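Heads up: the structure comes next, in structure tokens.
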Amino acid sequence: MKTLEELLAIKAKAQANITTRESADGSAEVTRIVVGMATCGIAAGARPVLNGFVEEVSKRNLKNVTVSQTGCIGMCQYEPIVEVFAPGKEKVTYIKMTPDKIARVVADHIVNGNPVTEYTVASLKE
Amino acid sequence: MRELSLNILDITENSVSAGASLIEIDVIEDTSLKTLSVSIRDNGRGMSEEMVENVRDPFCTTRTTRKVGMGIPLFKMAAEMTGGHLELSSRVGVGTVIAAHFKTDSIDFTPLGDIDATILTLITMHEEIDFVYRFKIDENEFVLKTSELKAILGEVSFNDIDVRMWLKDYISEQTQIIRGGVT
């Protein structure tokens with residue numbers, strides 16, 4: 001059973017982390033991962049995609065990466081859609097995202113800077 | 001929508017967009033009457049009478065990317081397909097209440113699905129909002145108040161990985177207990 005006492009212990013541990021994180025962050029620019037969470041996105045399966053990105057980013061303890069949500073991106077037939085805004089780079093739009101694609105996007109793109117082109121909207125032109 | 005919990009996520013996002021600081025979500029099942037009621041109450045900016053009249057119409061939306069809005073029509077349809085109905089009341093400056101009533105023995109009843117994931121998504125993505133979530137099956141009830149969790153956590157975020165995993169496990173354990181599963 002999970003208890004509120006456990007939560008208090010987790011808090012103490014997390015507080016120690018916050019201090020180290022703040023000093024490590026400095027002024028580096030942030031990479032933003034944005035998941036479309038309007039009706040179209042949610043119906044197409046955006047909920048596990050959003051939660052999957054949040055968990056993958058925090059498991060890897062990635063600094064300067066945020067995961068957030070937005071409304072309808074305007075291409076409902078390609079939902080779930082995820083946009084990645086990396087500092088100094090053009091926006092990359094991933095389409096028809098599923099939880100099993102997340103680990104690769106985070107590893108290749110977010111960590112190593114190489115977008116997974118076969119999952120992006122650009123792959124449609126082929 | 002494949003699960004009612006996805007409708008609940010979608011409809012609650014409207015409360016978030018309406019600038020609510022408090023959102024109450026009630027999911028109440030009565031197994032002898034074979035009914036499920038879902039209500040979402042917020043203290044957001046509310047809607048005018050005209051908007052309340054029109055909002056069930058798919059061709060009414062506040063979004064700017066196109067001229068349709070499917071959130072409330074889909075929720076209404078899911079309820080009406082089972083022989084249930086949808087209620088909506090709203091006042092400008094006060095807030096909005098939307099309640100959908102389902103008959104669970106209907107062949108067209110959409111299962112509730114992963115309500116835990118919906119609640120986790122809402123409370124972790126919108127930490128600035130206080131949520132009160134009530135899940136009740138017959139006499140068993142689980143109430144989650146994020147204000148109480150925030151009082152314990154102080155400045156520590158729900159998105160701290162250990163806190164998030166605790167929340168996820170806590171919600172799923174409580175749901176199982178309510179459902180009469182393992183304790």
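Table for the structure above
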quantity	calculated
Of the criteria (1) within 21 Å of A:GLY71 (Cβ to Cβ); (2) in contact with a Lys or Arg (Cβ under 9 Å, 6 or more places away or on another chain), which one B:GLU13 fails	(2)
Residue check, A:ILE102 under 19 Å from B:ARG164 (Cβ atoms) and away from chain B (no Cβ under 14 Å)	yes
From A:GLU83, A:GLU55, A:GLU79, A:GLU118, residue being buried (at least 16 other Cβ atoms within 10 Å of the Cβ) and without any contact (Cβ under 8 Å) to a residue 12 or more places away in the chain	A:GLU55
Unmet requirement for B:PHE135, which otherwise passes all of (1) at pLDDT 95 or above; (2) on the phi > 0 side of the Ramachandran plot	(2)
Extreme residue, nearest to A:GLY41 (Cα to Cα), among residues of the range A:92-126 that are basic (Lys, Arg) and at pLDDT 95 or above	A:LYS96
B:THR35 vs. criteria under 24 Å from A:THR70 (Cα atoms), in contact (Cβ under 8 Å) with a residue 60 or more places away in the chain and of a type outside the set (A, V, I, L, M, F, W, C)	no
Among (1) without any contact (Cβ under 8 Å) to a residue 12 or more places away in the chain; (2) touching a strand residue (DSSP E or B) at 6+ places or on another chain (Cβ under 6 Å), the one test that B:LYS76 misses	(1)
Search result, residues across the range B:8-30 that are farther than 17 Å from B:ILE123 by Cβ and at pLDDT 95 or above	B:ILE28, B:GLU29, B:ASP30
Pick from the range A:93-103, criterion in contact with a helix residue (DSSP H, G or I) (Cβ under 8 Å, 6 or more places away or on another chain) and part of a helix (DSSP H, G or I), ranking: surrounded by the most Cβ atoms within 10 Å (Cβ to Cβ)	A:ILE102
Extreme residue, nearest to the other protein chains (Cβ to nearest Cβ), among residues of the range A:69-92 that are assigned to a strand (DSSP E or B) and farther than 24 Å from B:ASP169 by Cβ	A:THR70
Breaking point among (1) assigned to a helix (DSSP H, G or I); (2) under 28 Å from B:LEU6 (Cα atoms); (3) more than 11 Å from the chain's Cα centre (by Cα), for A:ASP108	(2)
Residue in the range B:119-141 that is away from every other protein chain (no Cβ under 13 Å), without any contact (Cβ under 8 Å) to a residue 60 or more places away in the chain, under 18 Å from B:ASP26 (Cβ atoms) and part of a helix (DSSP H, G or I) present	no
Residue match in the range B:105-114 (condition: facing chain A (nearest Cβ under 9 Å) and either more than 27 Å from B:LYS34 (Cα to Cα) or modelled with pLDDT of 95 or more (or both))	yes
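The values are calculated or read from the model by the stated rules, or taken from the named source; none is laboratory data. Everything numeric here is computed off the predicted structure, so don't read it as measured data. Cβ: placed from backbone, ideal geometry, glycine included. Neighbour counts: every protein chain shown.
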